[in-house]
Amino acid sequence: MSKIKKIAVFTSGGDAPGMNACIRAVVRTGIYLGYEVAGIKQGYQGMIDDNIENMSRHSVSNIMQLGGTVLKTARCLAFKNPDGMQKAYENLKKRGIDALVAIGGDGTFTGAERFSSTYDIPVICVPGTIDNDLYGSDFTLGFDTATNTVIEAIDKIRDTAESHDRLFFIEVMGRDAGCIALRAGIASGAEAIMLPEKDTAISELIDLLEHGAANKKSSSIVIVAEGDKNGGAFGVAKLVKEKFDFYDTKVTILGHLQRGGSPSSFDRILGSRMGYAAVKALINGDNRKMVGLRGNEIVLTDLKEALTDHEFKLEDDLMEMSIILA
Ligand code: F6P
């Protein structure tokens, strides 16, 4: 039997659509199963500052459809040092919190793993990041919504690109991962996609664009992931323009609009499933694990494994398709 009495949930790192559905599921599952549930504001910073409140079923009403996170989030440097962690632990203890659900990306998981091993407090993590770059889950919370947001934006840019016969370089988020770029590029029929995972030579890109122009394409769209090694969309545009100046070129950086907005049905359901599964896992005695989705099954992966095996690979078929179908 579980000795847990009170579970606290928090979000940390970059916000992602679907986090609210997950918070709601943690609160309601916990209460349904007879546990007390608290919400920690601003992630690890709120743990240090004792910015914590008790949650009721009602406190998570009408949040499912909201983007962002009602618990707020932060990237907290103070939690990286022992004093910060000690303060956080004392605050949790004072409030009788004896288990945690952490929603975030790999930075969140690293903090959770260290905290849980140092203070022997069980923690289950939920992958919440638009980047979709975590080992142990086919999809992370927010990725589907962000990709749909990007596709909608590219479709609009396509209208004006086509009207003016222009070449657009559109930068999308993803410092280390090209998941959004690859999927949004395929779904919007982009002429080329520049990814952090693949070194695409500028000469290769120019060949692709020339091929398109020879095939009577009057406008072209190149998706550039933020982490592309040529210096993002501005860098790629500059290099292309030097060699290929008959096109009128434009650059659009989609930026943080990709992180906001009402979550898709996929992210609402995924958030609900993962929040529910995280509470069940804690109650079953699991610790330092990440909840993930593998082939429509909810699975648990050891946090250490999720963090060390963090070599994310884009799907080979999608990579090949993105060139064939462009
Ligand atoms: O990790 C999610 C993410 O949106 C990345 O795609 C992006 O590189 C980063 O966060 C931006 O972080 P911030 O909002 O702190 O600038």
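Each value in this text was obtained by applying a stated rule to the coordinates, not by laboratory testing. Note that this is a predicted model, so its numbers are computed, not measured. All Cβ positions, even for glycine, are placed from backbone atoms using ideal geometry, and neighbour counts span all protein chains on display.
Quick rundown of the values:
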read-out	value
Segment 144-260, relative contact order [Cα under 8 Å, separation at least 6], %	39
Estimated distance in nm for a label pair at Gln86 and Asp316, the labels positioned 7 Å out from Cα along Cα-to-Cβ	5.2
log10 of Debye I(q)/I(0), alpha-carbon scatterers only, for segment 144-260 at 0.10 Å⁻¹	-0.25
Label-point separation in nm, Arg57 to Phe234, each point 7 Å along Cα→Cβ	5.3
Listed residues Ala146, Asn91, Ala237: farthest to the positive end of the dipole of the chain (Cβ charges)	Asn91
Among Arg75, Arg24, Arg268, residue whose mean-square fluctuation peaks in a GNM of the chain (springs only between Cα atoms under 10 Å)	Arg75
Compactness of segment 178-217 as Cα Rg over 2.2 N^0.38 Å, two decimals	1.22
Ascending count of other beta-carbon atoms within 10 Å, so fewest first, for Phe246, Phe139	Phe246, Phe139
Over the chain, relative contact order from alpha-carbon pairs under 8 Å, at least 6 apart, %	24
Charge dipole (debye, nearest 20) of the chain; +1 at Cβ of Lys and Arg, -1 at Cβ of Asp and Glu	1580
Cβ-based exposure ranking for Asp165, Asp106, Asp302, in which fewest neighbours within 10 Å come first	Asp165, Asp302, Asp106
Fully extended contour minus Cα-Cα distance, from Asp50 to Asp155, at 0.36 nm per residue	33.3 nm
Separation of alpha-carbon centers, segment 187-232 and segment 133-163, rounded to whole Å	17
Distance (nanometres) between label positions extended 7 Å along Cα→Cβ at Asn215 and Asp302	4.8
Rounded to whole Å, sorted largest first: equivalent-ellipsoid semi-axes of segment 19-122, Cα gyration tensor	22, 16, 12
Residues with amide H under 5 Å from that of Thr249, placed H, sequence gap 5 or more	Leu167
